[in-house]
Amino acid sequence: MRVLIVYAHPNPASFNHAMLEYCQRGLVAAGHEVRVKDLYTENFDPVLRASDLASLQTSVIPEKIAQEQEALLWAEGLVFIYPLWWYGRPAILKGWFDHILTNGVAFAYSAEGPIGLLQHKKALVLITAGSDKSFFQANDSETLIHRPMTDGTLSFCGIKNIQYEIFYNVPTLPLEEREKILQQITRLGENFDA
Ligand SMILES: Cc1cc2nc3c(=O)[nH]c(=O)nc-3n(C[C@H](O)[C@H](O)[C@H](O)COP(=O)(O)O)c2cc1C
């Protein structure tokens, strides 16, 4: 499969970056063709400007957006790797979606309501969190960690096969636990189309 990894973390020494490396390794070992979209390294500007929005409303896709959509539509599979920031995606990743998931490319409105247009065979979402799982359970907020992404974005745009994994307590995890997660992520890459 052609797989696009979309990665959103500013620190190349972070655990998220290690996750990126291991996931990419697993995917490549399984024979997938992999592209990485490292949003911070690319210095992606996440702010959807008034001029961009105005162009989109006249069905003209600005060059900046067309380039990003080329990467999205090249892929048959998608992987997202990012930390949970205030119960959400880092703004740079949220902004990437604001730009590329345009009406007519990612979804369309029909008489029956919105329909998803993306044809990707699979999306894998890997999220790290600073808090313990019990914190989210106590607040009845576990699903808030992933649903804006899995349901509100990917499923809305038509992707049916969505897998997500959440890794808790990341800042305080001992080394052995970190290594176990990285091995798990390698296997997720190796078994991406299983
Ligand atoms: C701006 C910011 C917001 C954060 N918000 C949350 C949050 O809402 N919930 C949570 O569990 N952790 C939160 N964290 C902690 C990060 O999720 C955690 O440090 C990260 O996942 C660890 O991975 P890393 O070492 O690769 O950065 C936040 C961290 C930052 C910097």
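Numbers below:
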| read-out | value |
| --- | --- |
| Segment 152-172: number of residues that are free of Cβ contacts under 8 Å to residues at least 12 places away in the same chain and not in a helix (DSSP H, G or I) | 1 |
| Residue in segment 138-151 that is outside any loop (DSSP other than H, G, I, E, B), among the polar types (S, T, N, Q), under 24 Å from Met1 (Cβ atoms) and at pLDDT 95 or above present | yes |
| Subset of segment 135-192 [within 15 Å of the ligand (Cβ to nearest atom), open to solvent by 80 Å² or more (accessible area, probe 1.4 Å) and within 18 Å of the chain's Cα centre (by Cα)] | Leu144, Arg147, Tyr164 |
| Subset of segment 1-30 [of a type in the set (Gly, Ala, Ser), in a loop (DSSP other than H, G, I, E, B) and open to solvent by 60 Å² or more (accessible area, probe 1.4 Å)] | Ala13 |
| Tally, over segment 41-60, of residues that are in contact (Cβ under 8 Å) with a residue 40 or more places away in the chain, under 18 Å from Phe107 (Cβ atoms) and open to solvent by 50 Å² or more (accessible area, probe 1.4 Å) | 2 |
| Where a residue in segment 73-101 is among the aromatic types (Phe, Trp, Tyr) and open to solvent by 30 Å² or more (accessible area, probe 1.4 Å) and its partner, wherever it lies, is within 11 Å of the ligand (Cβ to nearest atom) and in a helix (DSSP H, G or I), with Cβ under 6 Å and at least six apart | Tyr87/Leu144 |
| Segment 63-101, residues that are within 16 Å of the ligand (Cβ to nearest atom), assigned to a loop (DSSP other than H, G, I, E, B) and in contact with a Phe, Trp or Tyr (Cβ under 8 Å, 6 or more places away or on another chain) | Arg89, Pro90 |
| Filtered residues of segment 61-72 (kept if under 16 Å from Phe97 (Cβ atoms) and open to solvent by 40 Å² or more (accessible area, probe 1.4 Å)) | Ile61, Lys64, Gln67, Glu70 |
| Residue, farthest from the ligand (Cβ to nearest atom), within segment 102-119, restricted to residues that are open to solvent by less than 50 Å² (accessible area, probe 1.4 Å) and in a loop (DSSP other than H, G, I, E, B) | Val105 |
| Residue in segment 43-59 that is modelled with pLDDT of 95 or more and in a strand (DSSP E or B) present | no |
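The values are calculated or read from the model by the stated rules, or taken from the named source; none is laboratory data. Predicted model only: the values in this text are computed from it and were never measured. A quick note on method: Cβ atoms are made from the backbone with ideal geometry, for glycine too, and the neighbour counts reach across all protein chains shown. For accessibility, only protein heavy atoms count, side chains too; no ligands or nucleic acids. Shrake-Rupley method; radii C 1.70, N 1.55, O 1.52, S 1.80 Å.
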